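Novice: This is the structure I have questions about; it appears just below.
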Amino acid sequence: MNANRELWEKGDFTRIAGLMRESGEALVQSLEIAPPVRVLDLGCGDGTTAVPLAHLGAEVLGIDIAGNLVEAAKKRAAEAGLDRLQVQQGDACNLQGVGDAAFDLTLSVFGAMFAPKPYDVAREMVRVTKPGGRIVMGNWIPDDPTFVAQLLKISSSYAPPPPEGFVSPMTWGVDSEITDRFGRAGVPPENISTTRETYHFIAPDKNPTEVIDTFRRFYGPTMNAFAAAEEYGKEEELYNRLTELAKAQNRDTNGGTSIPATFLRVTVSV
């Protein structure tokens, strides 16, 4: 079993994606796409960015390693009547069956950053993007003080040690790593730019504690952290730290949740 696939098929990430819809749509709007355009959404999940891209008229191929998320994305596309959105299972490290220079835009928002071989991911994204096209990534930033970086940092402190050769997905939030990875794929540094932007996790019908309950039940990395913490009698400690984090960062004053999280937006001109 592919460990990355196992991680993202654990739980039900669609329950987390439900907190991300508004920011996903806003990010897609900011891309200012002009059909006709072909887009690859790599690590598409259940379609948080793929669905709004297709609504704007793009021809979209969504690829995700998790079979359950592929099926969820297909269901959303069918329910919306989006024939221009196709979804299939695949690995960002090796996009078998995807042709060279096939897409005007290759997009990956909190997706390909979790694949285990970052240099292969960069090479594959460059390979499938047309000359003159662009790659856009949204990546969490290590040690950033906002929600997701801290949630992952706290969770990882309770998880078992990673296997030998493990490369943290958070390194995709470091400028020098990005320049090196795309550089080895043939992209000069002047064709790579990064900006810090903000994503929001929004749940008007849930308080921050309920949001952490959702992560605990349905988000693979958090589920693994709780399983490990339970073995050492630290499950309650982990829960308290995460709920305190969510409460401290919540900006909703009406009983719901709106938590901002800073991410690194990477734009690569191919």
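Novice: Yes or no: the stretch 155-174 includes at least one residue that is surrounded by fewer than 20 Cβ atoms within 10 Å (Cβ to Cβ), in contact with a Gly (Cβ under 7 Å, 6 or more places away or on another chain) and of a type outside the set (A, V, I, L, M).
Specialist: Scanning the stretch 155-174, I find no residue that is surrounded by fewer than 20 Cβ atoms within 10 Å (Cβ to Cβ), in contact with a Gly (Cβ under 7 Å, 6 or more places away or on another chain) and of a type outside the set (A, V, I, L, M), so the answer is no.
Novice: Would you call PRO145 surrounded by fewer than 18 Cβ atoms within 10 Å (Cβ to Cβ) and modelled with pLDDT of 95 or more? Quick ask: steps written out before the conclusion?
Specialist: Values: surrounded by fewer than 18 Cβ atoms within 10 Å (Cβ to Cβ): yes; modelled with pLDDT of 95 or more: yes.
In short, yes.
Novice: Has the stretch 55-62 got at least one residue that is in contact with a Gly (Cβ under 7 Å, 6 or more places away or on another chain) and either in contact (Cβ under 8 Å) with a residue 60 or more places away in the chain or surrounded by fewer than 24 Cβ atoms within 10 Å (Cβ to Cβ) (or both)? I'd like the intermediate steps shown before the answer.
Specialist: Let us first name the residues in the stretch 55-62 that are in contact with a Gly (Cβ under 7 Å, 6 or more places away or on another chain), namely 62.
Retained after the next criterion (residues that are either in contact (Cβ under 8 Å) with a residue 60 or more places away in the chain or surrounded by fewer than 24 Cβ atoms within 10 Å (Cβ to Cβ) (or both)): none.
For the stretch 55-62, residues in contact with a Gly (Cβ under 7 Å, 6 or more places away or on another chain) and either in contact (Cβ under 8 Å) with a residue 60 or more places away in the chain or surrounded by fewer than 24 Cβ atoms within 10 Å (Cβ to Cβ) (or both): absent.
Novice: Out of the residues in the stretch 101-119 meeting the condition of being in contact with a Gly (Cβ under 9 Å, 6 or more places away or on another chain) and hydroxyl-bearing (Ser, Thr, Tyr), tell me which one is surrounded by the most Cβ atoms within 10 Å (Cβ to Cβ).
Specialist: First, pick out the residues of the stretch 101-119 that are in contact with a Gly (Cβ under 9 Å, 6 or more places away or on another chain): 101, 103-116.
Next, only the ones that are hydroxyl-bearing (Ser, Thr, Tyr) stay: 106, 108.
Numbers: THR106: 29, SER108: 26.
Applying the filter and picking the extreme gives THR106.
Novice: Whether any residue in the stretch 105-112 is farther than 23 Å from VAL28 by Cβ, not in a loop (DSSP other than H, G, I, E, B) and not small (Gly, Ala, Ser) is what I want to check. Explain how you work it out, then say what you get.
Specialist: First, the residues of the stretch 105-112 that are farther than 23 Å from VAL28 by Cβ: none.
No, the stretch 105-112 has no match at all.
Novice: Please go through the stretch 141-156 and give me each residue that is free of Cβ contacts under 8 Å to residues at least 60 places away in the same chain and either farther than 18 Å from ILE259 by Cα or in a helix (DSSP H, G or I) (or both), ordered by number.
Specialist: LYS153
The values are calculated or read from the model by the stated rules, or taken from the named source; none is laboratory data. For clarity, every value in this text was computed on a predicted model and none was experimentally measured. Note that we place each Cβ from the backbone using ideal geometry, even for glycine, and neighbour counts take in every protein chain shown.
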